[in-house]
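The values are calculated or read from the model by the stated rules, or taken from the named source; none is laboratory data. Since we're looking at a predicted model, the values are computed, not measured. Backbone-built Cβ (ideal geometry, glycine too); neighbour counts: all protein chains shown.
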């Protein structure tokens with residue numbers, strides 16, 4: 001039974017931890033049912049080959065029995081050995097196909113998880129009292145009910161199919177060997193398809209039940225959620241890693257705005273501040289990027305690549321760096337020196353445009 005205090009949906013971390021332990025959502029009935037359906041359809045496609053092989057096998061066995069003048073223990077054993085080998089060669093491909101279906105349908109559900117966690121010895125499993133407790137749980141009762149339902153489905157399909165075919169079954173002794181084998185094969189296939197359809201529907205219902213039961217089992221208490229949050233968000237290493245990633249992302253966004261700047265004011269290498277001003281839109285020039293040391297050199301490098309005007313003004317560069325945040329307009333105290341620089345740049349651009 002699930003703990004009634006576990007009222008919260010499992011987090012992604014909880015799901016990952018449970019997966020590492022080998023505790024995953026899985027329905028064996030899906031594997032059995034859809035593996036059986038696949039096997040039935042493949043055998044139906046290969047029916048002519050199987051029928052021909054079976055006919056040749058029986059014909060050969062009957063011919064060997066007919067050629068034997070006196071049936072000794074040795075000769076009978078040789079004939080039975082041959083029959084066994086023929087049946088084995090017929091059954092091996094079917095067995096390999098069944099195994100492949102089991103691997104594929106299991107892998108699709110588990111995403112091909114392989115975990116040794118459940119193989120580790122646990123002393124609690126050797127306790128008879130714990131074994132008795134497991135026999136009288138809701139899960140055990142559900143498994144018993146499922147087994148009874150499957151038994152009822154298979155029994156009902158077999159009974160109804162044989163009841164409909166009973167008149168044809170009594171005629172098989174008078175049929176030719178080929179006709180008798182064909183009738184038996186069709187009858188078996190009809191039973192198999194009938195079972196497959198109902199068992200597949202049952203397996204889908206079981207899949208939904210297993211999903212619901214798994215979600216209920218891995219639910220968390222409010223206290224577990226708090227502890228997990230402390231372990232992840234409160235871990236100094238994780239917080240430092242988050243801040244580092246955030247700084248890198250912010251730096252990347254800032255560097256992408258450098259080519260849009262009108263001017264980069266430097267100190268000349270210790271500080272760099274990129275400004276952009278759009279007349280009629282901005283009340284004052286905006287700081288689109290700033291940095292010192294390595295970041296300053298990077299801003300200057302990008303500015304040179306995109307022909308952004310660069311000027312050296314040590315006090316202005318340092319003052320802007322310390323006083324203005326990225327994305328903010330410059331204060332009034334910097335209007336005059338910045339306006340002089342922008343006016344010079346505009347005159348220079350007009351002069352260059354006129355000379356072209």
Residue identified as under 30 Å from residue 347 (Cβ atoms) and either assigned by TED's automatic domain parsing to the domain that holds residue 337 or surrounded by 12 or more Cβ atoms within 10 Å (Cβ to Cβ) (or both) among 169, 265, 242, 195: 265
Close pairs (9 angstrom Cβ cut-off, 6 or more residues apart or separate chains): assigned to a helix (DSSP H, G or I) in region 135-147, at pLDDT below 80 anywhere: 138/1; 139/1; 140/134
Residue in region 87-104 that is farther than 23 Å from residue 32 by Cα and either more than 33 Å from the chain's Cα centre (by Cα) or modelled with pLDDT of 75 or more (or both) present: yes
Hits in region 170-199 (condition: more than 25 Å from residue 41 (Cβ to Cβ) and assigned to a helix (DSSP H, G or I)): 172, 173, 174, 177
Test: residue in region 64-72 that is in a helix (DSSP H, G or I), modelled with pLDDT of 70 or more and surrounded by 14 or more Cβ atoms within 10 Å (Cβ to Cβ): no
Positions within region 16-26 being surrounded by 14 or more Cβ atoms within 10 Å (Cβ to Cβ) and touching a residue at least 12 places away in the same chain (Cβ under 8 Å), in sequence order: 18, 19, 22, 23, 24, 25, 26
Residue 204 vs. criteria modelled with pLDDT of 80 or more and closer than 21 Å to residue 25 by Cβ: yes
Residue that is under 19 Å from residue 98 (Cβ atoms), in contact with a helix residue (DSSP H, G or I) (Cβ under 7 Å, 6 or more places away or on another chain) and modelled with pLDDT under 80, where the choices are 51, 47: 47
